[in-house]
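Asker: Take this structure first; my questions come after.
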Amino acid sequence: MKNLSRQELYANYLITNSQDYISASDTDVRITVFNPAAERAFGYTKEELSGKHVSVLYSSKEEYEKISESLQKTGQYSGEVTNIRKNGEEFICYLSANRIYDAHGNNVGIMGVSRDITKQKEMIQSMVLVQEENIELLDEFKSLSKIATSVMNGIVITDIEGRIKWSNDSFTRITGYDKSEMLGFLPSQVFRVPHFFQEEFKQITAGGPKFNEAIQVPHYKKNGELYWILVESTPVYDDDGELKEIIEVCTEITAQKNAELALIESEQNFRQISETIQDVFFLYNNKDKNYEYISPNSFNVLGMEAERFYDNEPFINTMILKEDRHIIRKARLDNLNNKTYNIEYRILVDGQVRWIHERAFPIIDLDSDISKSSGVCSDITTAKMDQELIDAQNRNINESIQYAMLIQEATLPERADMQDVFEEYFVLYRPKGMLSGDFFVVDHVKPKGGRACPAFVVADCTGHGVPGAILSILCSSLIKQSFTSHEIHSPKEALNTVRKQLNRAFKSRDSKQVNDGMDVAFCVLNPETRELSFSGANLSCHILRKNKWHELKGDKQHVGYSEQMLPFTEQSFDCEIGDQIYLFTDGYADQFGGGKNKKYMKRRFMEFLLSISDEPMSTQEDLVRSEFGNWMGAEEQTDDVCVFGVKVT
């Protein structure tokens, strides 16, 4: 009965110390109530906003009018809103607003309760993006993306007809139904809609799922208990743009709904808020060192009944792990020094470690003394476990990519080996990420009946990152094999052979076509006659002689499968001492930047090479690298880059 005797006090504390943003306005929509949580969130003091029109809290006139129209028509509003802080920063909240009536039924104003859901939406969106990116990289990453989307929200995947294909454990926790009871069924066949919401439910679901629009729906759990969820549906399309499946993120908002009712009803309802919300509220007397109030659900979260807190049983020494006790003790001292604290620590409940997030702020009495602390505790164990699992998966992925990078670097020629082939040369090799789809090869080949000739190749494989790197390693290996084959005597024969082997490796056929391959420029220079033999696939060879460009164009096809594969052709060019030969992929010219986010373009690159052609090749490398960095600036690198230049000596 101790709690009931202080019921009114606790109700006031709950409003004042609530982590939700609570405000009220009069019939002229001018602010009359603005609790501390709202002050911290918006950056205003209550005195600054008192008497101000409530529209000052919204990001735009349209945002406010949307809410006002709903209140005028229905007397209430629930949904997402975009608020604006005193410093001009916008943030997203979930708002529940209702008209307030006095005992005679007269409207006396509006009360609103909101909570910042910006981080929650960013987390959900981030998890969905992780899922999409991992599917594109490797099929093995599918499990990671599903884990990433299963933090605290319920996740449901349905086919285009709405039948449930998959759901996570959080959705089972919310609904009470096991996966085996849901898979293959339409939601309407499993989840009952309350009678009071059936007409509205028909209107909401008419016309199929609402993409990019959150809806609130009440259902009954398997045990008959009523709950509310906020549903956000995201479409998943296949490569042809056809709807493949639907991902629904379900956030349980039962507590928020109960809070809406409690704030406009009697003091008894305020007590019901603390009993139904998942978090634990507390009011601690620093002077007497005892709890004046703690939520009845303290056992569910903290592992100790409320009565044990009131009896001053030592929670810190009894429940908190020894290694973390200094964290809460320091936080309590900070509170006494008029500091708010926000901490995480571990407790041991029935032999199981549980993570708790506790935040509290000091309360100053009329004598300006810090007499009490008010705070809230949340169980974040599931989120911690999910984050640890995601971190472990990310470490494994990163280690795999690091190892792949070492393998790819090992396939590239060393500078000392290239120096044995050419006296004057340079190469700029700059992957977009850790791995690259571009590569280059420099070595000697021995044509039939002739002496060893320098050969140099620059190639751009389909994609970049992991897929591009895998393909580049394969293509580089096939090209190197062509250097030593006794059946290949020219660049065009090499490209024809590599294409044949690549298609065989991909098992390309009419029923299963794999169009991946590479664009390539392949040159062989006869050291005696200085005749240059060139064969290319979508890449050209550029020769600079006495400030004039000569271009040997490659064939308009890539090395890989296509519906009409023609034999590669070959061109010759009689070089002279001092000629400069350049091969490059499209990454340099396609780079965005220059201060106006425009492409560098091939023409500008050719003009730049001409402007530095009098410099030694080693200096040209530095200038080409510097020019690329200056143009890119703060922009993201667009593609892998590979540029090779050599001077005929």
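The values are calculated or read from the model by the stated rules, or taken from the named source; none is laboratory data. Note that the structure is a prediction, hence the values are computed from the model and not measured. Glycine gets a Cβ as well: all are built from the backbone with ideal geometry, and neighbour counts include every protein chain shown. Accessible surface is based on the protein model in full, side chains and every heavy atom, while ligands, DNA and RNA are left aside. Shrake-Rupley method; radii C 1.70, N 1.55, O 1.52, S 1.80 Å.
Asker: In this structure, does Glu199 turn out to be assigned to a loop (DSSP other than H, G, I, E, B) and acidic (Asp, Glu)?
Answerer: So Glu199 does not fit the description; no.
Asker: Same structure again: Specify the residue that is nearest to the chain's Cα centre (by Cα); the eligible residues are those in region 479-506 that are hydrophobic (A, V, I, L, M, F, W, C) and surrounded by fewer than 20 Cβ atoms within 10 Å (Cβ to Cβ).
Answerer: Phe506
Asker: In region 412-423, what count of residues is obtained for those that are open to solvent by 30 Å² or more (accessible area, probe 1.4 Å) and either under 18 Å from Thr649 (Cα atoms) or assigned to a helix (DSSP H, G or I) (or both)?
Answerer: The number of residues fulfilling the criteria is 6.
Asker: Just checking, does region 557-566 include any residue being hydroxyl-bearing (Ser, Thr, Tyr) and either over 18 Å from Val646 (Cβ atoms) or surrounded by fewer than 18 Cβ atoms within 10 Å (Cβ to Cβ) (or both)?
Answerer: Yes: region 557-566 contains one or more residues that are hydroxyl-bearing (Ser, Thr, Tyr) and either over 18 Å from Val646 (Cβ atoms) or surrounded by fewer than 18 Cβ atoms within 10 Å (Cβ to Cβ) (or both).
Asker: Which ranges mark the strands (runs of 3 or more DSSP E) fully within region 532-603 that have 1 or more residues being under 37 Å from the mean Cα position of the chain (by Cα) and modelled with pLDDT of 95 or more?
Answerer: 580-584
Asker: Let me ask something additional. Would you mind finding the one in Glu39, Glu47, Glu80 that is surrounded by fewer than 17 Cβ atoms within 10 Å (Cβ to Cβ) and not in a strand (DSSP E or B)?
Answerer: Unique residue meeting the criteria: Glu47.
Each row is one residue, and each column tells you yes or no for (1) surrounded by fewer than 19 Cβ atoms within 10 Å (Cβ to Cβ); (2) among the polar types (S, T, N, Q); (3) without any contact (Cβ under 8 Å) to a residue 40 or more places away in the chain; (4) more than 30 Å from Ser23 (Cβ to Cβ).
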{"position": "Thr205", "(1), (2), (3), (4)": "yes, yes, yes, yes"}
{"position": "Pro209", "(1), (2), (3), (4)": "yes, no, no, yes"}
{"position": "Lys221", "(1), (2), (3), (4)": "yes, no, no, yes"}
{"position": "Ile229", "(1), (2), (3), (4)": "no, no, no, no"}
{"position": "Ala255", "(1), (2), (3), (4)": "yes, no, yes, no"}
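Asker: Does at least one position in region 303-314 carry a residue that is in contact (Cβ under 8 Å) with a residue 24 or more places away in the chain, open to solvent by 20 Å² or more (accessible area, probe 1.4 Å) and not aliphatic (A, V, I, L, M)?
Answerer: yes
Asker: Of all residues in region 335-353, which are over 19 Å from Thr382 (Cβ atoms) and either part of a strand (DSSP E or B) or more than 35 Å from the chain's Cα centre (by Cα) (or both)?
Answerer: Asn335, Leu336, Asn337, Asn338, Tyr341, Asn342
Asker: Could you run through region 83-128 and say how many residues are in a loop (DSSP other than H, G, I, E, B) and in contact (Cβ under 8 Å) with a residue 24 or more places away in the chain?
Answerer: 4
Asker: Hey, another quick one. Only residues in region 426-441 that are within 21 Å of Leu609 (Cβ to Cβ) count as the first member; pair them with residues that are among the basic types (Lys, Arg) and surrounded by fewer than 20 Cβ atoms within 10 Å (Cβ to Cβ), Cβ under 6 angstrom, at least 6 apart or cross-chain, and list the lot.
Answerer: As it stands, the answer is Leu428/Arg625, since those pairs meet every condition given.
Asker: Assuming Ala214 fulfils every condition listed in (1) among the small types (Gly, Ala, Ser); (2) modelled with pLDDT of 90 or more; (3) closer than 26 Å to Lys121 by Cβ apart from one, which condition is it?
Answerer: Exception for Ala214: condition (2).
Asker: Okay, moving on. Working only within region 406-423, note down all residues that are closer than 21 Å to Phe628 by Cβ and either in contact (Cβ under 8 Å) with a residue 40 or more places away in the chain or among the aliphatic types (A, V, I, L, M) (or both).
Answerer: Gln408, Leu412, Met418
Asker: Among Ser373, Ser436, which is the only one that is among the hydroxyl-bearing types (Ser, Thr, Tyr) and assigned to a loop (DSSP other than H, G, I, E, B)?
Answerer: Ser436
Asker: Here's another thing I want to ask about it. Taking into account only those residues within region 110-134 that are farther than 30 Å from Ile31 by Cβ and not hydrophobic (A, V, I, L, M, F, W, C), which is modelled with the highest pLDDT?
Answerer: Gln125
Asker: Name the single residue that is most open to solvent (accessible area, probe 1.4 Å) among those in region 347-378 being among the polar types (S, T, N, Q) and under 19 Å from Leu336 (Cα atoms).
Answerer: Among those that are among the polar types (S, T, N, Q) and under 19 Å from Leu336 (Cα atoms), it is Ser368.
Asker: Could you check Asn515 against (1) open to solvent by 30 Å² or more (accessible area, probe 1.4 Å); (2) of a type outside the set (A, V, I, L, M, F, W, C); (3) out of contact with any His (no Cβ under 9 Å at 6 or more places or on another chain) and say which number it fails?
Answerer: Condition not satisfied by Asn515: (3).
Asker: Any idea which residue in region 1-35 is modelled with the lowest pLDDT, counting only those that are surrounded by fewer than 17 Cβ atoms within 10 Å (Cβ to Cβ) and of a type in the set (Asp, Glu)?
Answerer: Glu8
Asker: Name the single residue, out of those in region 379-396 being open to solvent by less than 30 Å² (accessible area, probe 1.4 Å) and touching a helix residue (DSSP H, G or I) at 6+ places or on another chain (Cβ under 7 Å), that is nearest to Gly437 (Cα to Cα).
Answerer: Checking each candidate, the answer is Ile390.
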